[in-house]
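Every number here is computed from the coordinates shown, using simple stated rules; none is lab data. This structure is a prediction, so every number in the text was calculated from the model and none was measured. Methodologically, a virtual Cβ is constructed for each residue, glycine included, from the backbone with ideal geometry; neighbour enumeration extends over all protein chains shown.
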Amino acid sequence: MEYIYAALLLHNAEKDITEEAVTAVLTAAGVDVNEARAKALVAALEDVDIADAMATAAVAAPAAAAAPA
Amino acid sequence: MEYIYAALLLHNAEKDITEEAVTAVLTAAGVDVNEARAKALVAALEDVDIADAMATAAVAAPAAAAAPA
Amino acid sequence: MEYIYAALLLHNAEKDITEEAVTAVLTAAGVDVNEARAKALVAALEDVDIADAMATAAVAAPAAAAAPA
Amino acid sequence: MEYIYAALLLHNAEKDITEEAVTAVLTAAGVDVNEARAKALVAALEDVDIADAMATAAVAAPAAAAAPA
Amino acid sequence: MEYIYAALLLHNAEKDITEEAVTAVLTAAGVDVNEARAKALVAALEDVDIADAMATAAVAAPAAAAAPA
Amino acid sequence: MEYIYAALLLHNAEKDITEEAVTAVLTAAGVDVNEARAKALVAALEDVDIADAMATAAVAAPAAAAAPA
Amino acid sequence: MAEVHHSEHIPKWKKDEIEDIKNLIESYPLVGVVGIGGIPAKQLQSMRRSLKDVAVLKVSRNTLIKRALDESSDDIKKMDDFIEVQTALIFTEQNPFKLFKLLEKSKSPSPIKGGMITPNDIIVEAGPTSFPPGPILGDLQAAGIPAAIDGGKVVVRETSAVAKAGEVVSQKLAAMLTRLEIYPLEVGLDLRAVMEEGSIFTPDVLAIDEEQVFADFVQASQQAFNLSVNAVYPTSENISTLLAKAAAESKNLGINAVVFEPDVMGSLLGKAQCEMMSVASAASGKDEGAVDDELKE
């Protein structure tokens, strides 16, 4: 989740969430940055309204027939 | 979510969820596959029992609570 | 469920859910496609608001509960 | 749900649930039968013990009910 | 129960629930129709809001399920 | 919340949450660090268990989800 | 106490003391002013010892402290404002917030003495005391505490405020409070202000609301989790939720759109059965002959 925290930090600081920015934050935290994960993060967030996404409860949609216990 | 559905689809078809397989499914759907996202998905699934996750997580969905902005 | 997964994959990727698209996705996942099931899927989804239908908890009503007294 | 009602009607009348039977019932009700859906219905029910499924539905109810609306 | 399923089938297909319609559906299912019962059902349903009653089933279920096991 | 995110990032990366580390992460994110706030955070963490807070977040979810919509 | 020696001839011990304080000011990044009023000498010694690894406590006369502050930097001079009554200086390399917490934790309840001003309302709760009937009853009453005899014991009849914040506590009341083991004072090193790198921090800033911090962490973790799921950024922490979400959505779609897939047939059949029962119930409510016998149970 470090990558997500880095993204939230940048979002809160009103900075663009770019691969470079994420990498810089993580590196400063002493994290060995995985390029693919940083890229995946930026791609995942590309079309996302972050303020919205962080406030919207991420529960699995209530399912009808949860298998009987 | 298309990456997740691709994973479920492969799981149901009893295929290995590899970057190639995910890419193939998504490409067939006309999705422009982001290599990093496919990699991240495969990595995240590495230690997960998918059948288990599908059944149990519906019951105990973590971290919801719409956080006030 | 693979047909439904394929449909949701297409829906999430903002593609039309046609017999051809479903067949292509399933085939790419290594599934042996049953033409009738693919057709039936497309027919079932024809007039459905998918976003709505996937988010609405379907009540799988129990037999006993409503039994007349 | 017409197809399901037709299937249960046949089941209750102790008739075989075949494509022809389903089609006959639906046609008699003035429904424009989609051949693929009728086929898919029959196929999906092939391995389902209907009496069993209905009994299970009653058990599954608490799980379904636990899901928030 | 066949009679009720026939009625539900007609309701879902947006057809009028008349004695003739019910008889036609049941006959198509191979059921030997009891005229009096068909009449009685049609008469009884005249004053029933079927959509409402079906929705009640969905509501009743969770309530019943909430009862301690 | 940037300070909190920075701390969570460090916690997740299994690094010590010191004033220097927090400052480094925030600076890398382009945040103008308020030294006193960083100090206050570090002091607060003497008595605040982050793992605990994260567990609380996860537990709070199903409860929230269970609340009627 | 108030020694006013404005003469040019300052005794050597005073000069040494001032120099000593100035040295401490220079050697530590953080200088604090603490109130030491009401701390017995013995307790002060033990506090000093327990702080040994963290901070240096310097007790001196206010005049000398002021002199030392005045002879230090302009910033440090601003700490003059906090020198009043019984004062000591504290020096540390600690984070000021940590120092504040440490000193707050060292405070302990202490009896109030006659003639002292109480800093807060003194409440005596209703309830039994440990005293048998005797002269104490009159003493309590004389001090304004509503005492009575009940069941062979002295009791306090009702809860009342026997002194308001800012009032002087009488000898009689102070003695009775102490006998009742009511300790209205909080005694300990009372940090009034600290200076670090030119900035003054006072207790209103130094007191951290840890519950709020905890709540912030809870909220931040939720936000992060929500974001990770809603943006579909799969990690080992959220992948189960993502899978469950997809599975639930699929099931919902299957049932709501009536897709004939083996996994949803059970639910669809159950739904149909339930609807049938409900409609049957409504119909039989109108006419029992409308439904067959197997539905009448």
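Quick notes
- Computed from phi, the 3J(HN,Hα) profile of the stretch D:11-19 under the Karplus parametrisation 6.51, -1.76, 1.60 (θ = phi - 60°) reads 4, 5, 8, 6, 9, 6, 8, 10, 4 Hz, with x in place of Gly and Pro.
- Here is the list for the stretch G:1-87: GluC sites (Glu not before Pro) lying in DSSP coil, each with at most 12 other C-beta atoms within 10 angstrom of its C-beta, are G:Glu3, G:Glu8, G:Glu84.
- Charge dipole (debye, nearest 20) of chain G; +1 at Cβ of Lys and Arg, -1 at Cβ of Asp and Glu: 1760
- Separation of the stretch A:23-48 from the stretch G:160-239 is 36 Å, based on Cα centroids.
- Close amide-amide hydrogen proximity is noted between G:Leu191 and G:Gly35, each under 5 Å apart and 5 or more residues distant or on a separate chain (H modeled in the peptide plane; Pro and chain starts excluded).
- Residue-by-residue Karplus 3J(HN,Hα) for the stretch G:206-217, coefficients 6.51, -1.76, 1.60, Hz, glycine and proline x: 6, 6, 9, 7, 5, 5, 5, 4, 4, 4, 4, 5
- For the residues of G:97-108, the average number of beta carbons from a partner chain within 10 Å of their own beta carbon is 2.
- Lysines with Cα under 18 Å of F:Lys39, excluding same-chain neighbours fewer than 8 positions away: F:Lys15, G:Lys98, G:Lys101
- Within 10 Å of the Cβ of each residue in E:6-19, the mean number of Cβ atoms contributed by other protein chains is 6.
- Vicinal HN-Hα couplings computed from phi for the stretch B:33-46 (Karplus, 6.51 cos²θ - 1.76 cosθ + 1.60; Hz; Gly/Pro x): 6, 8, 4, 5, 5, 4, 4, 4, 4, 4, 5, 5, 7, 3
- Positive-end residue of G:Thr87, G:Phe131, G:Leu102, charge dipole of the stretch G:57-141 with Cβ unit charges: G:Leu102
- Total charge dipole magnitude, the stretch G:128-252, about the Cα centre, Cβ charges on Lys, Arg, Asp, Glu only, Debye to nearest 20: 580
- Computed from the C-beta positions of G:Gln212 and G:Ala161 and an R0 of 25 Å, the FRET efficiency is 0.25 to the nearest 0.05.
- Calculated label separations, A:Glu35, copies of the chain, 7 Å along the beta-carbon direction, nm: 0.9, 3.9, 4.8, 5.5, 8.6
- Assuming charge only on the beta carbon of Lys and Arg (+1) and of Asp and Glu (-1), the dipole of the protein assembly as shown about its Cα centre is about 4540 debye to the nearest 20.
- For G:Leu30, residues with placed amide H under 5 Å, excluding near neighbours: G:Thr92
- Secondary-structure-derived ellipticity at 222 nm for the protein assembly as shown, considering helices only, amounts to -17000 deg cm²/dmol, per-run term -39500 (n - 2.57) for DSSP H runs with n ≥ 4.
- Diffusion of the protein assembly as shown by Stokes-Einstein, at 10 °C in a medium of 1.306 mPa s and with Rh set to the Kirkwood radius over alpha-carbon pairs, works out to 50 µm²/s.
- Taking other Cβ atoms within 10 Å as a rough exposure proxy, E:Glu35, G:Glu158, A:Glu2 sort from fewest to most as E:Glu35, G:Glu158, A:Glu2.
- Distant-in-sequence amide H partners of G:Thr87 (H built 1.01 Å from N, under 5 Å): G:Ile36
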